[in-house]
């Protein structure tokens, strides 16, 4: 075999190796970034998932609803402001939007605005269906149940149960903690602490999966290990980082 051919083969193999490394899952473990997969030292018993941005994607519906409300009220609103609303309760989100308002609103007026936004949002949610969930996400939940994990939802949204029913996801979870049973929004850990309590586990026995900085902070503040996906992978606080939902199977053996 000629030296030129050998060099060509080496270059092809090196290219393929680089491509494989590019496609590998990146998981951050206790402050140290690693390429590939990682088997954690501890065995978790439960997994608590945020909803929006993790299991389903309704961010655009939120944006459209808030944008519609803001336009009607003559308040400036854009996607940068919308990014600040990730993982934040409806009323706290409204307060952020009203920062740009030229007038003050009474408590009753704020409640009416929040309700109006929610009605717009629910109009958009009605278009969701089981096909709104990635097949890989659904298959991952099935596999986690086979591995005997207790699964719960920890979402600040008061529409959580409606979304779960619309997408046929409700049956995968042992418990749901959402905006209807909490008084404090993320980064307060209340929603996750209640989710853990609902599945009869301590925070140390659970891992929280989140796509928002506020959600990662909530998990950290509650004593949970956390898995970041999406926007939250840019944060330095999560225990693990994954690129795709199904990558959590490499953590949760």
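Would the stretch 3-19 turn up any residue that is in a loop (DSSP other than H, G, I, E, B) and either surrounded by 14 or more Cβ atoms within 10 Å (Cβ to Cβ) or modelled with pLDDT under 95 (or both)?
No, because not a single residue in the stretch 3-19 is in a loop (DSSP other than H, G, I, E, B) and either surrounded by 14 or more Cβ atoms within 10 Å (Cβ to Cβ) or modelled with pLDDT under 95 (or both).
Sort through 169, 144 and tell me the only one that's surrounded by fewer than 21 Cβ atoms within 10 Å (Cβ to Cβ) and in contact (Cβ under 8 Å) with a residue 24 or more places away in the chain. Spell out the reasoning first.
On the way: 169 fails: surrounded by fewer than 21 Cβ atoms within 10 Å (Cβ to Cβ).
Residue meeting the stated conditions: 144.
Please go through (1) at pLDDT 95 or above; (2) closer than 26 Å to residue 153 by Cβ; (3) assigned to a helix (DSSP H, G or I) for residue 54 and return the number of the only condition it doesn't satisfy.
(3)
Search the stretch 221-238 for residues being more than 18 Å from residue 152 (Cβ to Cβ) and either out of contact with any helix residue (DSSP H, G or I) (no Cβ under 7 Å at 6 or more places or on another chain) or without any contact (Cβ under 8 Å) to a residue 40 or more places away in the chain (or both), and hand back the single one that is surrounded by the most Cβ atoms within 10 Å (Cβ to Cβ).
232
Restricting the search to the stretch 205-234, which residues are part of a loop (DSSP other than H, G, I, E, B) and under 13 Å from the mean Cα position of the chain (by Cα)?
Scanning the stretch 205-234 gives 211, 212, 229.
Identify all residues within the stretch 120-136 that are closer than 16 Å to residue 158 by Cα and assigned to a loop (DSSP other than H, G, I, E, B); write none if there are none.
The answer is 126, and nothing else.
Yes or no: the stretch 150-171 includes at least one residue that is at pLDDT below 95, in a loop (DSSP other than H, G, I, E, B) and closer than 20 Å to residue 226 by Cα.
Yes, the stretch 150-171 contains at least one residue that is at pLDDT below 95, in a loop (DSSP other than H, G, I, E, B) and closer than 20 Å to residue 226 by Cα.
Pick from 28, 100, 117: which is assigned to a helix (DSSP H, G or I) and either touching a helix residue (DSSP H, G or I) at 6+ places or on another chain (Cβ under 9 Å) or at pLDDT 95 or above (or both)?
Within the list 28, 100, 117, the selection yields 117.
I need a count of the residues in the stretch 76-97 that are over 22 Å from residue 191 (Cβ atoms) and crowded, with 18+ Cβ neighbours inside 10 Å. Break it down stepwise before answering.
If we filter the stretch 76-97 for residues that are over 22 Å from residue 191 (Cβ atoms), which is where we start, we get 76-81.
Then drop every residue that is not crowded, with 18+ Cβ neighbours inside 10 Å, which leaves 77, 81.
Residues in the stretch 76-97 being over 22 Å from residue 191 (Cβ atoms) and crowded, with 18+ Cβ neighbours inside 10 Å: 2 in total.
In the set 205, 188, 197, which member is at pLDDT 95 or above, surrounded by fewer than 19 Cβ atoms within 10 Å (Cβ to Cβ) and under 28 Å from residue 115 (Cβ atoms)?
Result of the check over 205, 188, 197: 188.
The values are calculated or read from the model by the stated rules, or taken from the named source; none is laboratory data. Please read all numbers here as calculations on a predicted model, not as lab measurements. Cβ atoms come from the backbone with ideal geometry, glycine included; neighbour counts cover every protein chain shown.
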